[in-house]
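Read-outs throughout are calculated quantities, based only on the coordinates presented, and are distinct from any laboratory measurement. In this text, all values refer to a predicted model and were calculated from it rather than measured experimentally. For neighbour counting, all protein chains shown are included, and Cβ atoms are generated from backbone atoms with ideal geometry for every residue, glycine included.
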C-alpha cells in the first residue's frame, strides 16, 4: 500500500469486511498483518471446556451472540462454527455374521474404494516407495456405486456392500480440539478501534454470567493467558530491578536512607503509566510490563542528580533548606532537558508509528507517561521528603559523611 493511503487502512478494512461478510458457507477474516505478527496472539481468546460437542456448540453460540455486539469486536470466530457435511458408515454386524462376511473384508473393500490400502513397499535406487491399491475413482461416481461394490464371504459368495453396511449423511465440526485432555471450543476475535483491555474485561463479564452445566468451565487464552502466565516472572524481575537500583544508590551515597528517598520516584511514575496508556489508547500487555521495568532504571536518575547536588551544597556549608532550594534551581534545566529528550524520543513508539508500531505502542506509552509525571513530581516531592526525613545537622562540615 502506498504511504499516502496508510491512514485510510482501517476504513478500507471495514468496507471490505462488510462487503464480504455474507458469503454463504464462507468466512472472511480481514486483519492487518504487521512485522511482529508471529509474536502476537488474539486479543480475545475464550475457551469453553467440557465433554459433549453439541453442548459446547450451544454454549459457544450463546456467548458469541453477546460478544458480537461489543464495540470494537471484529473477525469473531469459533472452532466449532465451521460444520462440514460427512458420510457416516456403520457395519451391520448381524447381517455380516449371517452372510459369513468378516469385518476385515468389509473394511478392506471400503479402504480400497475411499483412500486406498498400502500393501507393500518398492525399493529402488536406495529409496522406498509405498505401493497403494485403490479402486479407480471414475468407477465410483456416487454413493449407490459405492454400495454396489462386491465383497466376498468366507464361502466364496459375492454380496454387494449394501448388504452389510449402512451409510447416513451427517454434519460435524471440521476441527475438534482438546485442552487438558478435554474437548474444548475456542472463541477468538480481534479488536479494532477500542481498548483491548476494556474489551477483554467486557468479554470476561459476559462469560461469567453464562450458566454452565456441571463439569463445564471457562478459561481464557491468547493475550490474557500470556499476561497472566508472565506476570509473576515479570513481577520478580521488577522487584529485582528495584533492589539492584537500591544497592547501586546505596554504594554511591554511602547511605541506606537517601536511596529510599530517591525510590519515591518509582511509585510516582505509576501515575504516568496509567495516564500514558489512557492518552495513547494502548492496553496493558507484555510490552507495557517491560516498559515498567525500564522505568525503574530511568526515573531514579533525576532523583539521584537532585539529592547529590543537595549533599554537595550542604558540604559547602549551606543549611538544609537552602541547599534543597539551590539544588532545585541548579538542576531544573538539566533534569527537564534530559527527561524531555527521552519523552520525545519515545513519542513515535507511543503513537504506534511505523511497521509493527501497534505492538510496541504500550511500551512507548508507559515510558513516556511514567517519565513525564515522575519528572514533574520529582522536582516537588523529593525536596519535601529530603527536608522532612533527612536527620542530622543543618550544616555539614566537609569532613562529615551524609549517613542515615
Additional length obtainable on full extension of the chain from residue 232 to residue 322, 0.36 nm per residue less Cα span: 28.0 nm
Percentage relative contact order, segment 225-389, counting C-alpha pairs under 8 Å, at least six apart: 34
Measure off 7 Å from each Cα along the Cα-to-Cβ vector at residue 293 and residue 333, then give the distance between these two points in nanometres to one decimal. 3.8
Once R0 is set to 35 Å, what does the formula 1/(1 + (r/R0)^6) return for the Cβ-Cβ distance between residue 154 and residue 124, expressed as a FRET efficiency to the nearest 0.05? 0.40
Going by Cα centres, segment 53-108 and segment 334-376 are how many Å apart? 51
Residue separation between residue 201 and residue 16 times 0.36 nm, minus their alpha-carbon distance, gives in nm 63.8 nm
To the nearest 0.05, how large is the calculated FRET efficiency for residue 132 and residue 182 if R₀ is 35 Å and r is the Cβ-Cβ distance? 0.45
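Using 0.36 nm per residue of separation minus the Cα-Cα distance, give me the extension gain between residue 243 and residue 208 in nm, one decimal. Don't skip to the answer; put the middle values down first.
Working: separation 35, 0.36 × 35 = 12.60 nm, distance 3.89 nm.
My answer for the length gained is 8.7 nm.
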Based on other C-beta atoms within 10 Å, arrange 168, 198, 153, 283 from fewest to most. 168, 198, 153, 283
With the crude spin-label approximation of a point 7 Å out along Cα→Cβ, what separation in nm comes out for residue 92 versus residue 217? 4.7
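Say R0 is 56 Å: what FRET efficiency, to the nearest 0.05, do residue 54 and residue 387 get from their beta-carbon distance?
Numbers: r = 71 Å, r/R0 = 1.27.
Once the sixth-power term is evaluated, E becomes 0.20.
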Take the Cα coordinates of segment 225-389, assign each an equal point scatterer, and use the Debye formula without solvent to give log10 I(q)/I(0) at q = 0.14, 0.19 Å⁻¹. -0.73, -1.15
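Take each of the peptides 177-184, 298-305, average the number of other beta-carbon atoms within 10 Å over its residues, and list them starting from the highest.
On the way: 177-184: 12.8, 298-305: 22.4.
Sorting 177-184, 298-305 by mean packing, highest first, produces 298-305, 177-184.
If you count, for each residue, the other Cβ atoms within 10 Å and average over each peptide, how do 265-275, 357-367, 107-117 line up from highest to lowest? Mind dumping the intermediate values first?
Values: 265-275: 19.8, 357-367: 24.1, 107-117: 15.6.
Highest mean packing first, the order is 357-367, 265-275, 107-117.
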Could you please rank 69, 125, placing first whichever residue has the fewest other Cβ atoms within 10 Å of its Cβ? 125, 69
In vacuum, with every alpha carbon of segment 85-173 counted as one equal point scatterer, what does the Debye formula give for log10 I(q)/I(0) at q = 0.13, 0.14, 0.20, 0.26 Å⁻¹? Two decimals, please. -0.52, -0.59, -0.98, -1.32
